[in-house]
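Everything below concerns the one structure shown next.
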Amino acid sequence: GDAVGAQRLTDGIHLVVDALKLNEVEAVYGVVGIPITDLARLAQASGIRYVGFRHESAAGHAAAAAGFLTRKPGICLTVSAPGFLNGLVALANATVNCFPMVQISGSSERHLVDLQRGDYEEMDQLAAARQFAKAAYRVHRAEDIGRGIARAIRTAVSGRPGGVYLDIPAAVLGEVIDADLGAASLWRVVDPAPRQVPEPAALDRAIELLANAQRPLVVLGKGAAYAQADEEIREFVERTGIPYLPMSMAKGLLPDDHPQSVASTRSLALRRADVVMLVGARLNWLLGHGDAPQWNPDVKFIQVDIASTELDSNQPIAAPLVGDVGSVMQALIDRTGPGRITPPAPWRDELAARSADNVGKMAKRLAAAETAHPMRFLGALQAVRDVLRDNPRAYVVNEGANALDLARNTIGMQVPRHRLDSGTWGVMGIGLGFAIAAAVESGDPVVAIEGDSAFGFSGMELETICRYDLPIVTVVLNNSGVYRGDAAASESGDPAPTALQARHDLMIAAFGGKGYRATTPDEVTAALREALALGKPALIDCVIDPADGTESGNIAHLNPKGITVQR
Ligand code: ADP
């Protein structure tokens, strides 16, 4: 702080930065403006990496992804009202995905806002944030900044992780207090996400169910990936030999070519399994709520989850294993004697036979796509898959409709927490924010596989990628439309609601990155190999047949069915 006479002083901005540093925050993702510009400057000058975005939702998505990857809350910094609201989309998405994140926002003058006198960017941000976040707090005095940040970190990361909003009015950021008092008001959160061990009786119930099952199945979700209990999960799955299904962001916890994976026979596994252990996976829409006929009507569920209120949310849970994934899996390993759980051979054979069938069918589709011209999604994706096989450390970010469904099924993951995607909401717009966080947090290369529509929501962040010179290759699967690009124009001459048009390769060139345009799988291969070797910002615009792709991808059934509309 500055010395005035004999007294050393500090202010709200310094206290925020000091509190973040004390809690080992290494990166902040944000967009500057009144009243937080100096906060970003000071954070950077103090050794925190500040990553400045073009739009707050992308900054927020980056913070959320950083939280998922590191198990420490990602920090997003936003300005008042509109900037705050833009960031709130990501805070809500983080909460829905159970990613730890803290959005710190400046806000306008309380005495003006609360009387609705029409302040600059007037808004009651705390009230707005509360319903979209795990928690929302406001700091009213500089001396409470340390407490506010500690509380936000603790809330974001303990129990079920989520997004926390921390409101700091401009007046508090500018408040000057005694430096020693300020320093004494800060603290470091001790053991921010303590382990939670499960109930022994529930463990015994779970083991009993698995031991007596005819057709057991383990479902691994992104909570299992988040938990960083990779060894415990692998040991339990491999020791018992139970077939497992990875949800999309759990891919790579065990390598996707693992013999126990039933990813290629998902529907049979769900329909037939009689005992299912959910590990950090919710029985939400992505798993058909556990309902028949997608599931066996007599299935019994075991659920491993840190959030006790998740259990029984959709189906009866016969063995509730409330605890963190690492502790629960370790306890299961410790209590399961050798040979106690062995999935019957007929079940393994049934799955293997169907898997061979499905893999054969898929091989035919892939072979047909390989030579199709114009290029099809699966043609471009096979090329990406083959290059990624040689680059297993690369992170994969994936969003879109067809681009999401087809890439998820085509591209295997070898390493845990290396796939980041649209998640629980199936949201578009996470792409470049997630990619930037993966690159910043890891230093490793990132390949963002984007539908052309999905890309548009965060496309301006190409400039951010180029400005920070990040090793991110954006692969746009460009079929010139939302879902597909072959819809006729309307009678008025306006393009169809689903139509799009862009040369994305020219966009990145404007920011100093390298653009490629690929019209064949071979061109995709060559471009991706070159771009990854350079380790520089690049974009490959893959020209896809506008007639390839299906409306809404795999989830067309979610569209309301009224009177049929002309397509
Ligand atoms: P997916 O979409 O991959 O199926 P979900 O996001 O639906 O996964 O489920 C993740 C679940 O994991 C949430 O219910 C969350 O409470 C839980 N979870 C998050 N972290 C942990 C942890 N460390 N231990 C146990 N459960 C966790």
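The values are calculated or read from the model by the stated rules, or taken from the named source; none is laboratory data. Remember, predicted model here, so these are calculated numbers, not experimental data. Please note: Cβ atoms are built from the backbone with ideal geometry, for glycine as well, and neighbour counts cover all protein chains shown.
Pairs are defined by a Cβ separation below 7 Å, a sequence spacing of at least 6 or placement on different chains, a first member in region 295-308 that is of a type in the set (Gly, Ala, Ser), and a second member that is surrounded by fewer than 20 Cβ atoms within 10 Å (Cβ to Cβ); the pairs so defined are Ala307/Gly159; Ala307/Arg160. Scan region 295-344 residue by residue and report those that are within 12 Å of the ligand (Cβ to nearest atom), in a loop (DSSP other than H, G, I, E, B) and among the hydrophobic types (A, V, I, L, M, F, W, C). Within region 295-344, Ile306, Ala307, Leu311 meet the criteria. Within region 196-212, the set of residues being hydrophobic (A, V, I, L, M, F, W, C) and either within 12 Å of the ligand (Cβ to nearest atom) or at positive phi (or both) comprises Val197 only.
Of the residues making up region 213-271, those that are away from the ligand (no atom under 16 Å from the Cβ), in contact (Cβ under 8 Å) with a residue 24 or more places away in the chain and part of a loop (DSSP other than H, G, I, E, B) are Ala213, Gln214, Arg215, Gly241, Ile242, Pro243, Pro255, Asp257.
Among residues belonging to region 408-426 that are touching a residue at least 60 places away in the same chain (Cβ under 8 Å) and either of a type in the set (D, E, K, R) or in contact with a strand residue (DSSP E or B) (Cβ under 8 Å, 6 or more places away or on another chain) (or both), point out the one that is nearest to Arg389 (Cα to Cα). Restricting to residues being touching a residue at least 60 places away in the same chain (Cβ under 8 Å) and either of a type in the set (D, E, K, R) or in contact with a strand residue (DSSP E or B) (Cβ under 8 Å, 6 or more places away or on another chain) (or both), the top hit is Met413. Out of all the residues in region 507-517, is one or more among the β-branched types (Val, Ile, Thr) and out of contact with any strand residue (DSSP E or B) (no Cβ under 6 Å at 6 or more places or on another chain)? No - not one qualifying residue is present in region 507-517.
Residue-by-condition table, conditions (1) polar (S, T, N, Q); (2) in a strand (DSSP E or B):
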{"site": "Ile449", "(1), (2)": "no, yes"}
{"site": "Ser458", "(1), (2)": "yes, no"}
{"site": "Thr474", "(1), (2)": "yes, yes"}
{"site": "Leu528", "(1), (2)": "no, no"}
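Scanning region 169-223 for residues that are surrounded by 15 or more Cβ atoms within 10 Å (Cβ to Cβ) and closer than 24 Å to Thr95 by Cβ yields a count of 10.
Specify which of the listed residues (Val396, Val446, Val387) is among the aliphatic types (A, V, I, L, M), within 16 Å of the ligand (Cβ to nearest atom), touching a Leu at 6+ places or on another chain (Cβ under 9 Å) and on the phi < 0 side of the Ramachandran plot.
On the way: Val446 fails: within 16 Å of the ligand (Cβ to nearest atom); Val387 fails: within 16 Å of the ligand (Cβ to nearest atom).
So the residue among Val396, Val446, Val387 that is among the aliphatic types (A, V, I, L, M), within 16 Å of the ligand (Cβ to nearest atom), touching a Leu at 6+ places or on another chain (Cβ under 9 Å) and on the phi < 0 side of the Ramachandran plot is Val396.
The residues on offer are Thr37, Thr10, and the sole one that is under 18 Å from Ser108 (Cα atoms) and among the polar types (S, T, N, Q) is Thr37.
For region 237-246, check the following and say yes or no: at least one residue is within 23 Å of the chain's Cα centre (by Cα) and at positive phi. Can you show your working first?
Step one: filter region 237-246 for residues within 23 Å of the chain's Cα centre (by Cα), giving 244-246.
Next, only the ones that are at positive phi stay: none.
Within region 237-246, not a single residue is within 23 Å of the chain's Cα centre (by Cα) and at positive phi.
Within region 454-488, the residues that satisfy the criterion of being touching a strand residue (DSSP E or B) at 6+ places or on another chain (Cβ under 7 Å) and within 15 Å of Leu404 (Cα to Cα) are Ala454, Phe455, Thr474, Val475, Val476, Leu477, Asn478, Asn479, Gly481. Please verify whether Ile306 is buried (at least 20 other Cβ atoms within 10 Å of the Cβ) and under 18 Å from Ala269 (Cβ atoms), treating the condition exactly as stated. So Ile306 does not fit the description; no.
When Val172 is tested against (1) assigned to a loop (DSSP other than H, G, I, E, B); (2) farther than 30 Å from Pro346 by Cβ, just one condition goes unmet, and that condition is (1). Among all residues of region 280-290, there is none that is part of a loop (DSSP other than H, G, I, E, B), away from the ligand (no atom under 14 Å from the Cβ), within 25 Å of the chain's Cα centre (by Cα) and surrounded by fewer than 24 Cβ atoms within 10 Å (Cβ to Cβ). Residues in region 291-303 that are in contact with a helix residue (DSSP H, G or I) (Cβ under 6 Å, 6 or more places away or on another chain) and surrounded by fewer than 15 Cβ atoms within 10 Å (Cβ to Cβ): Gln294 alone.
Taking residues in region 317-346 that are more than 12 Å from Ile207 (Cβ to Cβ), and partners anywhere that are in a helix (DSSP H, G or I) and within 12 Å of the ligand (Cβ to nearest atom), the pairs with Cβ atoms closer than 6 Å and at least 6 places apart or on different chains are Val322/Ser308; Val325/Ala224; Gly326/Glu232; Met329/Glu232; Met329/Ile233; Gln330/Glu232. Filtering region 90-122 to residues that are over 18 Å from Ile13 (Cβ atoms) and surrounded by fewer than 19 Cβ atoms within 10 Å (Cβ to Cβ) leaves Val96, His111, Leu112, Asp114, Leu115, Gln116, Arg117, Gly118, Tyr120, Glu122.
Matching residues to (1) among the hydrophobic types (A, V, I, L, M, F, W, C); (2) within 16 Å of the ligand (Cβ to nearest atom):
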residue	(1), (2)
Ser107	no, no
Leu112	yes, no
Leu115	yes, no
Gln125	no, no
Arg147	no, no
Pro161	no, yes
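Of the residues Arg188, Arg160, Arg151, which is without any contact (Cβ under 8 Å) to a residue 24 or more places away in the chain and among the basic types (Lys, Arg)? Going through Arg188, Arg160, Arg151 in turn, the sole match is Arg151. Scanning region 349-362 for residues that are within 16 Å of the ligand (Cβ to nearest atom), among the small types (Gly, Ala, Ser) and touching a residue at least 24 places away in the same chain (Cβ under 8 Å) turns up nothing.
Consider Arg282 carefully, then state whether it is of a type outside the set (Gly, Ala, Ser), at pLDDT 95 or above and closer than 16 Å to Pro243 by Cα. Spell out how you get there, then give the answer.
Numbers: of a type outside the set (Gly, Ala, Ser): yes; at pLDDT 95 or above: yes; closer than 16 Å to Pro243 by Cα: no.
No; evaluated as a whole, the condition is false for this residue.
With respect to Leu532, determine if the residue is more than 19 Å from the chain's Cα centre (by Cα), of a type in the set (A, V, I, L, M, F, W, C) and over 22 Å from Asp386 (Cβ atoms). For Leu532, the condition - more than 19 Å from the chain's Cα centre (by Cα), of a type in the set (A, V, I, L, M, F, W, C) and over 22 Å from Asp386 (Cβ atoms) - is not met. Of all residue pairs spaced 6 or more apart or on separate chains, those with beta-carbon atoms under 8 Å, a first member in region 373-401 that is within 22 Å of Gly433 (Cα to Cα) and among the aromatic types (Phe, Trp, Tyr) and a second member that is assigned to a loop (DSSP other than H, G, I, E, B) and modelled with pLDDT of 95 or more are Tyr395/His418; Tyr395/Asp444; Tyr395/Pro445.
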